[in-house]
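The values are calculated or read from the model by the stated rules, or taken from the named source; none is laboratory data. If you're wondering where the values come from, they're calculated on a predicted model, not measured in any experiment. A quick note on method: Cβ atoms are made from the backbone with ideal geometry, for glycine too, and the neighbour counts reach across all protein chains shown.
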Amino acid sequence: MSATLGALINVLEPTWTVRVYERLDAVAQESSNPWNNAGTGHAALCELNYTPEKPDGSIDITKAVKINEQFEVSREFWHHLLTTGALPQPASFISRTPHMTFVRGAENVDYLRRRFETLRRHPLFAELEFSDDPAVVAEWAPLLVAERDGDEPVAATRATSGTDVDFGALTEQLVDHLVANGTQLYLEHEVKNLRRTKDGRWRLTVKDRSWNAPVRRSTVEARFVFVGAGGGALPLLQKAGIPEAKGYGGFPISGEFLRTSNPELVAQHQAKVYGKADVGSPPMSVPHLDTRVVDGKSYLMFGPYAGFSPKYLKKGRYLGLFTSLRLHNLGSMVGAGLKNLDLTQYLVGQLLASPETKFTALQGFMPTAHPKDWETITAGQRVQVIKKDKDGKGVLEFGTEVIAAADGSIAGLLGASPGASTAVPAMIDLLERCFPDRFTTWRPALASMMPSLGQAPWEAEELDRLAGGADLGTVSRA
């Protein structure tokens, strides 16, 4: 998010002075790191939680359409940066990887068929394929049906325009471009405090964490601050003292993935396959068997297995959750907890599950899976947003949310999935909220870079140059 915002500002206001403070010794080591997330270019092609079933049995695709449109905007901006030389070849961070949904059982097959029938009538999802024939599913992804019980009903959908994104590589490339164009990057520097000055600026207290720092603490003043610290954003927004952050809390969820680099297995599975979440599990815990391309090498990854840690960052402090508690958000936190007892039960079950039980979940997707081929890796920390609802009670949110001061001088981003996939529209929204007096003059430049911004992307005249795979400039999506 921070790298994306910097890239937008660099295009719109190249004379502005921009500083980036990163508490670790390299960028993209938390949620943007390729092994801390699934790398799915979220376009709602395979994620069932974006297409809930209504009480009357119909399928609501509103959120799916919105997310697909948002990802389209992100791809258009990446395409612009590629054509101007700001980013290297697209294969360095994005690859064509079909997106699939796979379900088992007659009831789930019926739901997936109705979802498919509803989605395919929309222009953005016209390419979606459906099959309940195991032989066809085997052609799409052999490992899903090999040695599976033939009496069990199965079904799958497939969108061949799906993508796998190395958001770590993309973040590094964006930051490299910013530094080459004058942005000042401070690694191993942590913002410890923020205070408003009398003239309306922000004074930041920054700690140099490097072992040989000549000066441990320093201050810097800024007219505008973006807190793009992932799970660490909420504590910093609280320190800023803006009223817009009152009532907000965050619930951290950790997790694990299983990973294999076995060439024989990797060669048999070229897709991101999402299933159906267990009852009570958060959307970010939807099981999926994914192709991952990191540093040019392909892997398979399955998960996530949910866990709990009070940390707000993977490389953060164990007191993260507790130090974020305030009188103004305590009610929200308790209220959300009472409303989500099924989530608590799910997390406890995941924590108590044996390695054998966890591996059984993989075998539900891939019956031939063997423990000798797989290793466990720790996923990144996710902090789910908790805020007050209309009744003043706590509610757990599963998306991303921008919090901005009324005067636009400071903003931060909270939440998790779809996250990085929608970074560009999220940061454009931030620019409009924080710089309303300038946004009108920026709009033409934004529209030239992202033709679908503000309109249905399937109506954009330049649709043919949108991203559809490794070459972001030549493949049409719809």
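Note on segment 397-429: among residues that are in contact with a Pro (Cβ under 8 Å, 6 or more places away or on another chain) and modelled with pLDDT under 90, the one that is nearest to residue 331 (Cα to Cα) is 398.
Taken as a whole, the structure leaves residue 183 outside the set of residues that are under 26 Å from the mean Cα position of the chain (by Cα), crowded, with 22+ Cβ neighbours inside 10 Å and touching a residue at least 40 places away in the same chain (Cβ under 8 Å).
Counting only residues that are hydroxyl-bearing (Ser, Thr, Tyr), farther than 30 Å from residue 30 by Cβ and in a loop (DSSP other than H, G, I, E, B), segment 146-176 holds 1 of them.
Residue 390 falls short on exactly one of the conditions (1) surrounded by fewer than 19 Cβ atoms within 10 Å (Cβ to Cβ); (2) among the basic types (Lys, Arg); (3) more than 14 Å from residue 333 (Cα to Cα); (4) in contact (Cβ under 8 Å) with a residue 12 or more places away in the chain, and that condition is (4).
Residue 380 fulfils the conditions (1) surrounded by fewer than 20 Cβ atoms within 10 Å (Cβ to Cβ); (2) within 27 Å of residue 276 (Cα to Cα); (3) of a type in the set (Gly, Ala, Ser); (4) in contact (Cβ under 8 Å) with a residue 60 or more places away in the chain except for a single criterion, (1). The residues in segment 56-81 that are assigned to a helix (DSSP H, G or I) and surrounded by fewer than 16 Cβ atoms within 10 Å (Cβ to Cβ) can be counted, and the count is 2. Residue check: is residue 267 within 30 Å of residue 299 (Cβ to Cβ), hydrophobic (A, V, I, L, M, F, W, C) and surrounded by 16 or more Cβ atoms within 10 Å (Cβ to Cβ)? It is false that residue 267 is within 30 Å of residue 299 (Cβ to Cβ), hydrophobic (A, V, I, L, M, F, W, C) and surrounded by 16 or more Cβ atoms within 10 Å (Cβ to Cβ). If you check residue 312 against the conditions, is it surrounded by 16 or more Cβ atoms within 10 Å (Cβ to Cβ), of a type in the set (Ser, Thr, Tyr), more than 19 Å from the chain's Cα centre (by Cα) and on the phi < 0 side of the Ramachandran plot? Taking the combined requirement at face value, the residue does not satisfy it.
Given the criterion over 24 Å from the mean Cα position of the chain (by Cα), in contact (Cβ under 8 Å) with a residue 60 or more places away in the chain and over 17 Å from residue 377 (Cα atoms), identify the matching residue among 245, 229, 240.
Values: 245 fails: over 24 Å from the mean Cα position of the chain (by Cα); 229 fails: over 24 Å from the mean Cα position of the chain (by Cα).
After applying the criteria, what remains is 240.
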